[in-house]
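Enquirer: Next up is a structure, given as structure tokens.
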Amino acid sequence: MKLAAAAQMRELDRQAIEERHIPSIDLMERAAAAIAQAALDLLPERPAKCRAAVFCGSGNNGGDGIGAARLLFLMGVRVRVFLVGNYDRLTPDAMEETGRLSECGVELETFDPGDSSQAAWARSSQIIIDAIFGVGLSREIAPESGFAAAINLINSCRGKVIAADIASGVETDTGRVLGQAVTADRTVTFTCQKIGQNVGDGAVLSGRVTVHDIGIPAALLREMPCPVQTVEADFARAALPARKPDGHKGDFGKVLVVGGSLGYTGAPYLAASAAVRSGCGLVYLGVPECIWQTEAAKCACAMPFPLESWQGRTLSRKALSTVLGKLDRCGVLAIGPGLGRDEGTAKLVRDLLQKTEKPVVLDAGGINALEGHIDILDRRWNRVTILTPHDGEFARIGTLTGDRVETARRFARDHGCILVLKGHRTITAGHLGNALVNTTGNSGLAKGGSGDVLTGLIASLLAQGAAPVMAAAGGVWLHGRAADIAAETLTEYCVTPEDVIAAFPKAFSELLRKN
């Protein structure tokens, strides 16, 4: 699904109005109707028994809210409409909606933070509509302003909050909160979802987001370049490599997982287990000899083997030739789970990255090895390298800003890699500048070991023949979906990384059944 930036939405509106000659007031009326219908759907009783408080700004977003208020009034809802801003700054269309509202006998009231009757009305309303700011907000909301007071009042109400187009205070392009923001139960957005409704705090504050057609020609939307999209089930399904009916284990990919250190025996085991469970034909697991026996006892399907260790706790740089020899027989290297941060181990990682032409999935200790050595990643420009950092790991190799989407896109473009920036709504960015926002997963994944499972899953899909970006983003979706399935019975509190792996079969089955 396409995700739009603020500038793209402004351009779509301009083209529809100026080039396709669609009256702007008609677009506003359709937006108002969508908001009003959403409010009716959430009313707990008959409209005549319910109240609504509508908070409007002076822009066209405010006009959408004013129009919705009129429609709700005509349906029997008792409505008061509060203008948060200046009357003389109303846009022409918002002014037209104000006139239509007045003709119905409802006047636009200036919001006064000190007016107890306004606050009492809002707090006793079953529906609160937020139409203060639209997608164009780009400045911080001053804490002492009337805008902040209105947002605080909305958030203190017990009624259901509906945001018009985007929750006020959420930055459209990043999902950042600009000082203060409305917490919506539902967002009624127009034409297409916005980036800020799917990433950052905006993904939480937007509530349930529904998209409504207000009359922008579909052809304009199809022609709109859109480098940011969500990952949905159809995408994940396309990432699943075909299975040959007469295939043998050598036909379904070979992965070499390298990781582990003293005290970190679970991480490499989880990565290897995820690779096996997700369809890879052969999975080899190289670990320091000091923990090899532990891994051998755990692994029934992956094939662990010992590597030279340093001081009996982590991988030695001397393991290079052994790893390269094993990698000659494998299609993908996954390196980093549980690896530790010893300098000798880091040098081993850097040597492997330079010497192998094979695709590499780099996680945890593998990513940390690039700190201060990002030039080694640059030298792999024409080779497949997928990095899977969380924010802390990414901060060692790049600069994390409030705009996680643009951060990921810029890093992937600058270094010719695929970046999987993990977190709530994980972002997968490709070297061509595209970004894919994940839509699955829950807080049950916020546990040590979850990232190791993801590493093994991505490496497995890649080894089986999935295109690199498909393997990365599709793997993230499947990982999150498996966590959602596990949480249905176990709750988000009790889900473990092993539970996620155990839920892989159901997640895969769901996709395959829809083919």
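Enquirer: Given the peptides 343-354, 123-134, 52-63, arrange them by the average over their residues of other C-beta atoms within 10 Å, most packed first.
Expert: So the order, starting with the most tightly packed, is 52-63, 123-134, 343-354.
Enquirer: Still on this structure, please answer the following. Using +1 on the beta carbon of Lys and Arg, -1 on that of Asp and Glu, and nothing else charged, what's the dipole of the chain about the Cα centre, debye to 20? Each step should come with its number before you reach the end.
Expert: On the way: 54 positive and 56 negative charges, 352 e Å.
Charge dipole of the chain: 1680 debye, to the nearest 20.
Enquirer: May I ask you to give the solvent-accessible area per residue for the range 247-327, in square angstrom, as obtained with a 1.4 angstrom probe? Each step should come with its number before you reach the end.
Expert: Details: 3370 Å² over 81 residues.
That works out to 42 Å² per residue.
Enquirer: Let me ask something else. Check which residues have an amide H placed less than 5 Å from G281's amide H, if you skip close sequence neighbours.
Expert: Under 5 Å from the amide H of G281 lie the amide H atoms of F252, G253, each far enough along the sequence or on another chain.
Enquirer: A further question on this structure: What relative contact order, as a whole-number percentage, does the range 412-468 give when Cα pairs under 8 Å and 6 or more residues apart are counted?
Expert: Working: 52 pairs, mean separation 12.8, N = 57.
Contact order relative to length: 23 percent.
Enquirer: For the range 478-515 and the range 377-430, what is the separation of their C-alpha centers, rounded to whole Å?
Expert: Measuring centre to centre over Cα atoms gives 26 Å.
Enquirer: Sticking with this one: Ordered by residue, what ³J(HN,Hα) values in Hz, to whole numbers, does the range 346-363 give under the Karplus form 6.51 cos²θ - 1.76 cosθ + 1.60, where θ = phi - 60° and Gly and Pro are x?
Expert: For the range 346-363, the Karplus-derived couplings read 4, 5, 4, 4, 5, 4, 4, 4, 7, 8, 8, 8, 6, x, 10, 10, 10, 9 Hz, x marking Gly and Pro.
Enquirer: Still on this structure, please answer the following. Could you give the angle, 0 to 90 degrees to the nearest 10, between helix 504-513's Cα long axis and the longest principal axis of the Cα atoms of the chain?
Expert: Helix 504-513 sits at roughly 60 degrees to that axis.
Enquirer: When the accessible area of the chain is computed with all protein chains present and a 1.4 Å probe, what percentage of it is carbon and sulfur?
Expert: Values: 10460 of 20510 Å².
Heavy-atom surface of the chain belonging to carbon and sulfur, 1.4 Å probe: 51 percent.
Enquirer: Roll a 1.4 Å probe over the protein chains and send me the accessible area per residue for the range 89-235 in Å². Could you put the intermediate results ahead of the total?
Expert: Working: 5910 Å² over 147 residues.
Per residue, the range 89-235 has 40 Å² of solvent-accessible surface.
Enquirer: Ok, one more. Take the Cα atoms of the range 150-191, build their convex hull, and give its volume per residue in Å³. Let's see the in-between values first.
Expert: Numbers: hull volume 2.6 nm³, N = 42.
For the range 150-191, the hull spanned by Cα atoms encloses 61 Å³ per residue.
Enquirer: Once both axes come from the Cα atoms, what is the angle between helix 266-277 and the longest principal axis of the chain, in degrees from 0 to 90, rounded to 10?
Expert: Helix 266-277 sits at roughly 80 degrees to that axis.
Enquirer: Before anything else, pin down the relative contact order of the range 3-91: Cα pairs under 8 Å, at least 6 apart, normalised by residue count, whole percent.
Expert: Numbers: 99 pairs, mean separation 25.1, N = 89.
Result for the range 3-91 is 28 percent.
Enquirer: Once the Cα atoms of the chain are picked out, what are the Rg and Dmax in Å?
Expert: 26.6, 84
Enquirer: Take each of the peptides 370-378, 455-463, average the number of other beta-carbon atoms within 10 Å over its residues, and list them starting from the highest. The partial results should precede the final answer.
Expert: On the way: 370-378: 14.9, 455-463: 32.0.
Going by the mean number of other Cβ atoms within 10 Å, highest first, we get 455-463, 370-378.
Enquirer: How far is helix 468-494 tilted off the main Cα axis of the chain, in degrees rounded to 10, range 0 to 90?
Expert: The answer is roughly 80 degrees.
Enquirer: Collect residues whose amide H, placed 1.01 Å from N in the peptide plane, falls under 5 Å from the amide H of L307; neighbours closer than 5 in sequence don't count.
Expert: Those qualifying (amide H under 5 Å, at least 5 residues apart or on another chain) are V287, E289.
Enquirer: Which peptide among 185-195, 167-177, 40-50, 297-307 comes first, and what is the full order, when sorted by highest mean count of other Cβ atoms within 10 Å? Provide the component values of the computation, followed by the final result.
Expert: Working: 185-195: 24.0, 167-177: 25.5, 40-50: 13.9, 297-307: 16.7.
By packing density, highest mean first, the sequence is 167-177, 185-195, 297-307, 40-50.
Enquirer: Per residue of the range 167-176, in order, report the coupling 6.51 cos²θ - 1.76 cosθ + 1.60 (Karplus, θ = phi - 60°) as ³J(HN,Hα) in whole Hz, putting x for Gly and Pro.
Expert: For the range 167-176, the Karplus curve yields 4, 4, x, 8, 6, 4, 8, 10, x, 6 Hz.
Enquirer: Enumerate the calculated ³J(HN,Hα) couplings along the range 404-416 in order (Karplus 6.51 cos²θ - 1.76 cosθ + 1.60, θ = phi - 60°), each rounded to whole Hz, writing x wherever the residue is Gly or Pro.
Expert: Calculated HN-Hα couplings, in order: 5, 5, 5, 4, 5, 4, 5, 5, 5, 5, 5, 10, x Hz.
Enquirer: Taking the Cα centroid of the range 40-107 and of the range 222-252, what is the distance between the two, rounded to the nearest whole Å?
Expert: 46
Enquirer: Would you pull out the residues with amide H under 5 Å of G207's amide H, same chain only if 5 or more places away, H placed 1.01 Å from N?
Expert: Hits under the 5 Å cutoff: A184.
Enquirer: Can you give the Kirkwood hydrodynamic radius of the range 353-481 from its Cα pairs, in Å with one decimal? Could you put the intermediate results ahead of the total?
Expert: Working: mean 1/r = 0.0696 Å⁻¹.
Kirkwood radius, the range 353-481: 14.4 Å.
Enquirer: While we're here: Out of the DSSP beta bridges found with both residues in the chain, what percent are antiparallel (nearest 5)?
Expert: Values: 11 of 64 bridges.
Counting only bridges with both partners in the chain, antiparallel ones make up about 15 percent.
Enquirer: If you roll a 1.4 Å probe over the heavy atoms of the protein chains, what accessible area per residue do you get for the range 384-515, in Å²? Numbers along the way, then the final one.
Expert: Details: 4720 Å² over 132 residues.
Accessible surface, normalised per residue, equals 36 Å².
Enquirer: Rounded, prolate or oblate: which fits the range 299-360, taking a ≥ b ≥ c as square roots of the Cα gyration tensor eigenvalues, rounded meaning a/c under 1.5, else prolate when a/b beats b/c? Present the calculation step by step, with values, prior to reporting the outcome.
Expert: Details: a/c = 1.68, a/b = 1.15, b/c = 1.47.
Judged from the Cα gyration tensor, the range 299-360 comes out oblate (a/c at least 1.5, b/c at or above a/b).
The values are calculated or read from the model by the stated rules, or taken from the named source; none is laboratory data. Everything numeric in this text was worked out from a predicted model, so none of it was measured. Cβ atoms come from the backbone with ideal geometry, glycine included; neighbour counts cover every protein chain shown. Calculation scope for accessible area: heavy atoms of the full protein, side chains included, ligands and nucleic acids excluded. Shrake-Rupley method; radii C 1.70, N 1.55, O 1.52, S 1.80 Å.
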